[in-house]
Amino acid sequence: MREGGKRSSVPDGGRAADWRQPTAIAERVGRGVAQGAGSGGVSAAGILDSRGLPDQEFARLWDSLVFEDDLKNRLLAQAVLNFTIRTQVPRAYLPLHGIIVLVGPPGTGKTSLARGLASATASVVSGLGGFLYLEVDPHSLTSAALGRTQKAVTELLGSTITEAAAAHPLIVLLDEVETLAVDRSRLSLEANPVDVHRATDAVLAQLDLLADRCPNVLFVATSNFSEAIDRALLSRADLILEVPLPGAAARRTILQSTLEAVGSPFPGVGRLASHRDFDRLVEACADLDGRGIRKMVAAACAFDKQTALDPNRLTLNDLLRAAAQARKGMTATKRSRA
Ligand SMILES: Nc1ncnc2c1ncn2[C@@H]1O[C@H](COP(=O)(O)OP(=O)(O)OP(=O)(O)O)[C@@H](O)[C@H]1O
Ligand SMILES: [Mg+2]
């Protein structure tokens, strides 16, 4: 399928994947690996989650994400390269840092993509032993107390992550990275304490040390605002990928898969995916992000109590109305931010 001249990586050539079946990567996830939140066994300050990889939940996320262009393949190839070429070639010749940055509007799937990527990478790369996933909670690191953030960052990257990397190939999610690596050029020293500058300095220094010592670590950072991320961090990234709003082909697949998911217990909802006016719904969701499209289906079921009690009563008109409301809501949010 093509849209805007780009090659499509929409699964099944645009048909919704059967979300109930473990697909592609999900079905290759080994049974022997400890699964789920906390299964990695690392609990330390600043760590939100740790898991053994591959992970079923993350693999399902990966399979459920839909983009028109080759975004997922490109991303997976870069992550795999981190664990093949980077561990073999000296940094003096190939100065890779092991950092991928995903930037884009809210709700476009960046966090899900990063988690799914971790599992997909571990499924594809062999011979390095069990992969570990760590998710950093940036908000728990940033502290108002003078010097505390810098200390917490140094502790996390210099001890917790360095120790984990000594034992496993490691993939680390730095969600909302602008919280940790604040663009120093945009900070005024009057309004922001030296502490904030020092925290960014500490992140960069620790990332450099890790890049030197631990070639088997990959950081995946996400952000809504590339302008808020420190330039020096962006310049260390091996890949900066813009995650876009879904185009028409992706919107169609996201809608179909959501309706089919709800349609499993409520067949009346699943049937709406083949409604003759389905194209109008795809059009009505223009400008909505992936999260907004999936939530819109739930919102449509909540227009009246009877439909909420029995979602089989949902109509295409309910969906069109919910889509219009969601777009209105987005416009209002954009206006209030401007
Ligand atoms: N391209 C997409 N294809 C399919 N589903 C999507 C897509 N984008 C978003 N979603 C849905 O929206 C959910 C939320 O996405 P996620 O939290 O990863 O977005 P995000 O970009 O990290 O948002 P934020 O910037 O607000 O943190 C996903 O789990 C998925 O169900
Ligand atoms: Mg996110």
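FYI, it's all coordinate maths here, none of it is from the lab. It should be emphasised that the depicted structure is a prediction, and the values quoted were computed from it without experimental measurement. Don't worry about glycine lacking a Cβ; one is built from the backbone with ideal geometry, like all the others, and counts go over all protein chains shown.
Dividing the alpha-carbon radius of gyration of the range 232-280 by 2.2 N^0.38 Å (N being the number of residues), what value is obtained?
That ratio works out to 1.81.
On full extension of the chain, what length is gained from residue 228 through residue 43, given 0.36 nm per residue of separation minus the C-alpha to C-alpha distance?
Working: separation 185, 0.36 × 185 = 66.60 nm, distance 2.91 nm.
63.7 nm is the gain from fully extending residue 228 to residue 43.
Looking only at Cα atoms, what is the convex hull volume of the range 182-323 per residue, in Å³?
Working: hull volume 25.3 nm³, N = 142.
Once divided by residue count, the hull of the range 182-323 is 178 Å³.
Determine which aspartates and glutamates satisfy two conditions relative to residue 72: a Cα distance under 13 Å, and not lying fewer than 8 residues away in the same chain.
Cα-Cα hits under 13 Å: 63, 242.
So which aspartates and glutamates pass the test for residue 328, namely a Cα distance under 18 Å, with those fewer than 8 places away in the same chain ruled out?
Hits, sequence-local ones excluded: 283, 287, 289, 318.
Determine, for each peptide in 61-71, 315-325, the mean count of other beta carbons within 10 angstrom over its residues, then list the peptides with the highest first.
Details: 61-71: 21.9, 315-325: 17.9.
By packing density, highest mean first, the sequence is 61-71, 315-325.
Could you tell me which of 274, 330, 320 has its Cα farthest along the dipole of the range 248-337 towards the positive end, charges placed at Cβ (Lys, Arg +1; Asp, Glu -1), taken about the Cα centre?
Result: 330, furthest along the dipole toward the positive end.
Can you give the charge dipole size of the range 15-242 about its Cα centre, rounded to the nearest 20 debye, using +1 on the beta carbon of Lys and Arg and -1 on the beta carbon of Asp and Glu?
460 debye
Would you please calculate the Kirkwood hydrodynamic radius of the range 248-337 over all C-alpha pairs and express it in Å, rounded to one decimal?
For the range 248-337, the Kirkwood estimate is 13.0 Å.
Quick check on packing: order 266-279, 89-102 by the mean number of other C-beta atoms within 10 Å, highest mean leading. All intermediate terms of the calculation are to be shown ahead of the outcome.
Values: 266-279: 15.0, 89-102: 16.6.
Those peptides, ordered most packed to least, come out 89-102, 266-279.
Regarding the range 15-242, what is the average projected area of its C-alpha convex hull, in nm²?
Taking a quarter of the hull surface, the average projection is 12.6 nm².
If we count every other residue with Cβ under 12 angstrom of residue 116's Cβ, Lys/Arg +1 and Asp/Glu -1, where does the sum land?
That sum, taken over residues with Cβ under 12 Å, equals +1.
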